[in-house]
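Enquirer: My structure is below; once you've seen it, I'll send some questions.
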Amino acid sequence: MLYHENGRVGLQSVIGLGCWNFGGQWNNKVSKDAAIEIIRYAIDHGITFVDVAESYGIPDGQCEILLGEALANGYREKVTLISKVGWYARRTADHFSAVDGYWRKQAKKAFNQLYRFKEVDFNHRTPELLRLCGHACCGRLKTDYVDILLCHDDKPKDASSFITAFRQLRDEGFIRYYGISTNDIGALQRFYELSNGECAACECDYSLLNRRAETELFKFCHKNNIAIFTRGTLERGILSGKYTASSSFDESCREAWNLGGKAHKQYLNKIAAVEKIVKTIEPEKISKIAYQFAFSNEVHPCVVTGCTSLEQLKDNLAAAESYINPHLLNVL
Ligand SMILES: NC(=O)c1ccc[n+]([C@@H]2O[C@H](COP(=O)([O-])OP(=O)(O)OC[C@H]3O[C@@H](n4cnc5c(N)ncnc54)[C@H](OP(=O)(O)O)[C@@H]3O)[C@@H](O)[C@H]2O)c1
C-alpha cells in the first residue's frame with residue numbers, strides 16, 4: 001500500500017474504503033457478514049480511512065450502523081473515519097420533517113433528553129439540527145468522535161449553518177476536522193472563506209472520464225492545504241470494463257443508465273470511451289489503471305473506492321501498490 005501526506009489531515013493510504021455499497025442501496029448485493037469481512041480485510045491490509053454518510057443505506061443510517069459494528073474489536077482506532085451530514089432522508093423527501101415516523105420521533109426524543117429543549121426546528125437545516133445529526137452519526141457508528149465530518153450538500157444555500165454546527169461539534173470533541181463534499185469550486189471557496197480557513201477536507205469526483213477537478217478545485221485545495229478525497233474513480237463500475245452497451249442495472253443508483261433511462265445516452269458515451277481506453281492500455285487492466293491514474297495526480301488525492309465483493313477489494317488493493325506508469329499518463 002502506498003501512502004500520501006493529504007493536506008492537514010496527514011498521512012493516509014492512497015485508497016480508502018467507501019461503504020455506500022453496504023446497507024441496502026445497492027440491492028443487498030453484499031450481505032452484512034460479507035460487508036464486515038470486507039471492511040476488516042481492508043483495514044488489515046493497509047487502508048487507513050473509511051467513508052460513509054448518514055444518508056447511506058435503507059433505511060437512512062444503515063451503513064453507519066453496519067460500519068459501527070465492523071469497527072468494533074479495535075478496528076475503530078486504526079482508521080480515519082469520514083462521514084457526512086445534511087442529506088438525511090434525501091431519497092425520501094427534501095427535508096427532515098417529511099420523515100415523519102421513526103427518525104423524527106427518535107431525534108426529537110434524543111434531543112429533548114440531551115438538551116431539554118422543547119422547540120427544535122425539524123424543518124430546516126439549522127445549526128442545532130445539524131449538530132444533532134453529528135451526534136447521531138457518532139451514535140450509529142458507536143464511536144466517541146468522527147475524524148472528518150463533511151457537508152453532504154455540494155452547493156449549500158446556507159453554508160454558515162453547517163460551519164456553526166461543525167465548530168460546536170469540534171469544540172465538544174465529537175469531530176476532529178470538517179469540510180465539504182462538492183465538485184463546485186465556487187461552493188468550496190465560499191465554504192472555505194466562511195470557515196475562516198478551517199475547512200480541512202474536500203471530497204469530489206475524479207476519474208479518467210471526468211478530469212474537471214484538475215482545472216481549479218485541486219489547485220485550490222493544494223494551495224490551502226485542504227485534504228483531497230476523490231470518488232467516482234470507476235464511474236460506479238463503468239471503468240471496470242465489464243459492462244457493455246446492452247448491460248442493464250437494477251440498483252436505483254444506476255437504473256437511469258438502462259435503455260429508456262434518462263442517463264442512457266451518457267452511459268453509452270462512457271462505454272465507448274472505456275472501449276477506446278482499453279485498446280490503449282492493453283494488456284493492463286482498466287480498473288487498475290483507473291485507480292492509479294487518480295491517486296498518481298500531482299496534488300496527491302486519496303481515492304475512496306467502492307466494492308461489492310472481497311475479490312474486487314483485493315484487486316483494488318493490488319492497484320494501490322504502485323503509481324501509474326508515466327508512459328500511460330502521456331497516452332490516456
Ligand atoms: N460524497 C459523495 O457525495 C459521494 C458520492 C458517491 C460516492 N461516494 C463515496 O465513494 C465510494 C465509492 O463510490 P463510487 O461510486 O465513487 O465508486 P466507483 O469506484 O466509481 O465504483 C465502484 C463500483 O465499481 C465496481 N467495482 C469496484 N471495484 C471493482 C473491480 N476491482 N473490478 C470490477 N468492478 C469493480 C463495483 O460495482 P459492481 O460490482 O456492482 O459493478 C463498485 O460498486 C462510496 O462508497 C462512497 O463512500 C461519495
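Enquirer: Could you work out how far helix 159-172 tilts from the main Cα principal axis of the chain, as a 0 to 90 degree angle to the nearest 10?
Expert: For helix 159-172, the angle is close to 70 degrees.
Enquirer: Relative contact order of the chain, please, whole-number percent, based on alpha carbon pairs below 8 angstrom and at least 6 residues apart. Intermediate results must be reported in sequence, preceding the final value.
Expert: Working: 594 pairs, mean separation 66.8, N = 332.
Relative contact order comes out at 20 percent.
Enquirer: Right, something else. State, to one decimal in nm, how far the label point of H264 lies from the label point of E298, with both points 7 Å from Cα in the Cβ direction.
Expert: 4.3
Enquirer: With the crude spin-label approximation of a point 7 Å out along Cα→Cβ, what separation in nm comes out for A273 versus A318?
Expert: The answer from the label model is 2.6 nm.
Enquirer: Grab the eigenvalues of the alpha-carbon gyration tensor for the stretch 250-332, scale each by 5, take roots, and send me the semi-axes largest first in whole angstrom. Could you put the intermediate results ahead of the total?
Expert: Working: eigenvalues 127, 61, 30 Å².
Semi-axes (√(5λ), whole Å): 25, 17, 12.
Enquirer: More than 37 angstrom separation, counting every C-alpha pair in the chain; what % is that? Please report the intermediate quantities before stating the final value.
Expert: Numbers: 7793 of 54946 pairs.
Everything past 37 Å amounts to 14 percent.
Enquirer: Could you please state, rounded to a whole Å, how far the C-alpha centre of the stretch 180-214 is from the C-alpha centre of the stretch 34-85?
Expert: Centre-to-centre (Cα) distance: 23 Å.
Enquirer: Per-residue ellipticity at 222 nm for the chain, helices alone: DSSP H runs ≥ 4 residues times -39500 (n - 2.57), over residue total, nearest 500 deg cm²/dmol?
Expert: Details: 11 runs with 126 residues, N = 332.
Counting only the DSSP helices, I get -11500 deg cm²/dmol.
Enquirer: Oh, and also: Provide, for q = 0.17, 0.18, 0.26 Å⁻¹, the log10 of I(q)/I(0) from a solvent-free Debye sum over equal Cα point scatterers in the stretch 1-42.
Expert: With one equal scatterer per Cα and no solvent, log10 I(q)/I(0) is -0.58, -0.62, -0.84.
Enquirer: Also, I was wondering about something else. In degrees, nearest 10, range 0 to 90: what is the angle between the Cα axis of helix 32-44 and the longest Cα principal axis of the chain?
Expert: 70
Enquirer: Right, another one. How much length is gained if the chain between A256 and S240 is pulled fully straight, taking 0.36 nm per residue apart and subtracting their Cα-Cα distance, in nm to one decimal? If you can, show how the numbers build up before the last one.
Expert: Details: separation 16, 0.36 × 16 = 5.76 nm, distance 1.85 nm.
That works out to 3.9 nm of additional length.
Enquirer: At E69 and R40, where each label point lies 7 Å from the Cα along Cα→Cβ, what is the point-to-point distance in nanometres?
Expert: It works out to 1.2 nm between the two label points.
Enquirer: Kirkwood hydrodynamic radius, the stretch 159-249, all distinct C-alpha pairs: what's the number in Å? Mind showing how you got there, number by number?
Expert: Numbers: mean 1/r = 0.0682 Å⁻¹.
For the stretch 159-249, inverting the mean 1/r across all distinct Cα pairs yields 14.7 Å.
Enquirer: If you don't mind, there's one more thing I want to ask. Please identify the longest segment of the chain free of exposed GluC sites (Glu not before Pro), where exposed means a DSSP state other than H, G, I, E or B and no more than 12 other Cβ atoms within 10 Å. Write out the running numbers ahead of the final one.
Expert: Details: sites that count: E119, E298, E321.
Longest gap between qualifying sites, sites excluded: 120-297.
Enquirer: Now, a different point. Under a 5 Å amide H to amide H cut-off, with H placed in plane at 1.01 Å, what residues pair with T230 once short-range neighbours are removed?
Expert: Counting only residues 5 or more places away or on other chains, the set is C204, C302, V303, V304.
Enquirer: Rounded to the nearest 0.05, what FRET efficiency do E5 and E172 have when you use their Cβ-Cβ distance and R0 = 30 Å?
Expert: Numbers: r = 28 Å, r/R0 = 0.94.
E(calc), rounded to 0.05, equals 0.60.
Enquirer: Which aspartates and glutamates have a Cα lying under 20 Å from the Cα of K262, excluding residues fewer than 8 positions away in the same chain?
Expert: Filter leaves E235, D250, E251.
Enquirer: In a Gaussian network model over the chain where Cα atoms closer than 10 Å are linked, find which of G16, G46, G186 has the largest mean-square fluctuation.
Expert: For the chain, modelled as a Gaussian network with Cα springs under 10 Å, the answer is G186.
Enquirer: Just to be sure I understand: with springs between alpha-carbon atoms less than 10 Å apart, which residue in F174, F249, F220 has the highest mean-square fluctuation in the Gaussian network model of the chain?
Expert: F249
Enquirer: So, one more: Among the listed pairs K29/K78; K242/K288; K242/K265; K29/K242, give every one whose C-alpha distance is greater than 25 Å. The partial results should precede the final answer.
Expert: Values: K29/K78 27 Å; K242/K288 13 Å; K242/K265 18 Å; K29/K242 17 Å.
Over 25 Å apart, Cα to Cα: K29/K78.
Enquirer: So what J values fall out for the stretch 143-156 if you push phi through Karplus, 6.51 cos²θ - 1.76 cosθ + 1.60 with θ = phi - 60°, rounded to Hz, Gly and Pro as x?
Expert: 9, 6, 7, 9, 5, 10, 10, 10, 6, 8, 8, 6, 9, x
Enquirer: Between S309 and N196, what is the FRET efficiency for a Förster distance of 45 Å, r being their Cβ-Cβ separation, to the nearest 0.05?
Expert: Details: r = 44 Å, r/R0 = 0.97.
Rounded to the nearest 0.05, the efficiency is 0.55.
Enquirer: Using alpha-carbon pairs under 8 Å, 6+ residues apart, how would you state the relative contact order of the stretch 176-221 in percent?
Expert: Numbers: 42 pairs, mean separation 19.4, N = 46.
Relative contact order for the stretch 176-221 comes out at 42 percent.
Enquirer: Taking only Cα atoms, what is the 0 to 90° angle, nearest 10, from helix 185-194's long axis to the longest principal axis of the chain?
Expert: 30
Enquirer: Then there is this: Less than 10 Å Cβ to Cβ from F166, Lys/Arg counted +1 and Asp/Glu -1: what total charge do the surrounding residues give? Could the numbers behind the result be given before it?
Expert: Values: positive: R131, R167, R170; negative: D171, E198.
Overall, the nearby charge balance is +1.
Enquirer: If I build a Gaussian network model for the chain, linking alpha-carbon pairs within less than 10 angstrom, which residue out of S296, S31, S247 has the largest mean-square fluctuation?
Expert: Fluctuation is largest for S247.
Any read-out appearing in this document is the output of simple, stated calculations on the displayed coordinates, not a laboratory observation. Nothing here was measured: the structure is a model prediction, and the numbers come from that model. Glycine also receives a Cβ, built like all others from the backbone with ideal geometry; neighbour counts cover every protein chain displayed.
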